[in-house]
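Below is one structure; the comments refer to it alone.
The values are calculated or read from the model by the stated rules, or taken from the named source; none is laboratory data. Quick caveat: nothing in here was measured; it's all calculated off a predicted structure. Positions of Cβ are backbone-derived with ideal geometry, glycine not excepted, and every protein chain shown enters the neighbour counts. Side chains are part of the model used for accessible areas, which takes the heavy atoms of the whole protein and leaves out ligands, DNA and RNA. Shrake-Rupley method; radii C 1.70, N 1.55, O 1.52, S 1.80 Å.
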Amino acid sequence: MANNQKTVRVTLVKSLIGRLQTHIASANGLGLRRINQTVEVIDTPENRGMINRINYLVKCEG
């Protein structure tokens, strides 16, 4: 990632088992595969929307 782009650190804190398919797809789209995995994504409206959709499953920093 370029240094001039803002990023957000997202951590999956709850399991994806038994969740809606759209919520699982959002987590996968952000690059989250397992509990306590942290990824750094670019702060775009698309990524913000996915984070907002699964806000009860993730912890967001930055």
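Given a Förster distance of 35 angstrom, what is the FRET efficiency for Arg34 paired with Gln5, based on the Cβ-Cβ distance and rounded to 0.05?
Efficiency, from the Cβ-Cβ distance: 0.85.
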Given 37 °C, 0.692 mPa s and a Kirkwood radius over Cα pairs, the Stokes-Einstein diffusion coefficient of the chain in µm²/s is 282
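Summing Lys, Arg as +1 and Asp, Glu as -1, what charge do residues with Cβ under 15 Å from the Cβ of Leu20 carry, Leu20 excluded?
Net of charged neighbours comes to +3.
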Portion, in percent, of the accessible area of the chain that falls on carbon or sulfur, probe 1.4 Å: 48
Using 0.36 nm per residue of separation minus the Cα-Cα distance, give me the extension gain between Ser15 and Glu61 in nm, one decimal. 14.7 nm
Degrees between helix 21-30 axis and first principal axis of the chain (Cα, 0 to 90, nearest 10): 30
